[in-house]
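Shown next, in structure tokens, is the structure this report addresses.
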Amino acid sequence: MQRNIVKLPISELIAGIVGTLFFFVILFMMILFPNDSDDFLVFLGFGIFMAMGIVLILSWLIWRVEYDEEVFVYHSKLGHKTTVPYSNISKIKLTPDAIHLYVNRRRYTIYRKSKDVDGFLEILSKRSWDGVEVIDRVTI
């Protein structure tokens, strides 16, 4: 069966690329044209911000949720892959920003601004959730 995919929005990739390039240029300029601001801590600070941009790019590439009618496969930002049958979900918490699915004390978060999240929500809404705690903070 063909699985659908939920991915992070393209804006996260763009923010990561812009941030990485911006701080790379600043670091490059510090090396090319040294002045009084070439302190190691300044260099380290810009390097940390550049690393955060790289983390955004990598998380956009790695994080995704593949889903079909029976299971969803959660690929975390650290690269862990977990297959979860919908029947194992013990709690669903809906917020304006995210969908939190709880399975055996583990939480899987799917951001509402993610690409193609509507199809995943449609599959969730079709299922019967008898015995599952559903907390809906969107309509409150």
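Just so you know, all these numbers are worked out from the coordinates, no wet-lab data involved. Because the structure is predicted, anything quoted here is derived from the model rather than measured. Every residue, glycine among them, receives a Cβ derived from its backbone with ideal geometry; neighbour counts consider all protein chains shown.
Over the residues of the chain, the helix contribution to mean residue ellipticity at 222 nm works out to -13500 deg cm²/dmol, using -39500 (n - 2.57) for each DSSP H run of at least 4.
Counting charges near ILE135 (Lys, Arg +1; Asp, Glu -1) among other residues having Cβ under 9 Å from its Cβ returns a value of +1. All Cα-Cα distances of region 4-62, cut into 5 Å bins from zero to the largest, leave 4, 20, 24, 17, 13, 9, 7, 4, 2, 1, 0 percent in each bin in turn.
Other residues within the sphere of radius under 13 Å centred on the Cβ of GLU70, judged by their own Cβ, net out at 0 (K and R +1, D and E -1). In loop segments of region 29-124 as defined by DSSP, the trypsin sites (Lys or Arg not before Pro) with at most 12 further C-beta atoms inside 10 Å of their C-beta are ARG105, LYS113. For the pair TRP129 and SER11, a Förster radius of 35 Å applied to the C-beta separation gives a FRET efficiency near 0.65, rounded to the nearest 0.05. For the chain, a simple Cβ point-charge model (Lys and Arg +1, Asp and Glu -1, everything else neutral) yields a dipole of about 460 debye relative to the Cα centre. With R₀ fixed at 25 Å, the C-beta to C-beta distance from LEU41 to LEU21 puts the FRET efficiency at about 0.65. Membrane-span-like helices of the chain, defined as complete DSSP H segments with a Cα extent of 27 Å or more along the helix axis and a mean Kyte hydropathy of at least 0.0, are identified as 10-32, 40-62. Each of THR82, THR109 has some number of other Cβ atoms within 10 Å of its Cβ, and from fewest to most they run THR82, THR109. Counting every C-alpha pair in the chain, the share spaced more than 24 angstrom apart comes to 45%.
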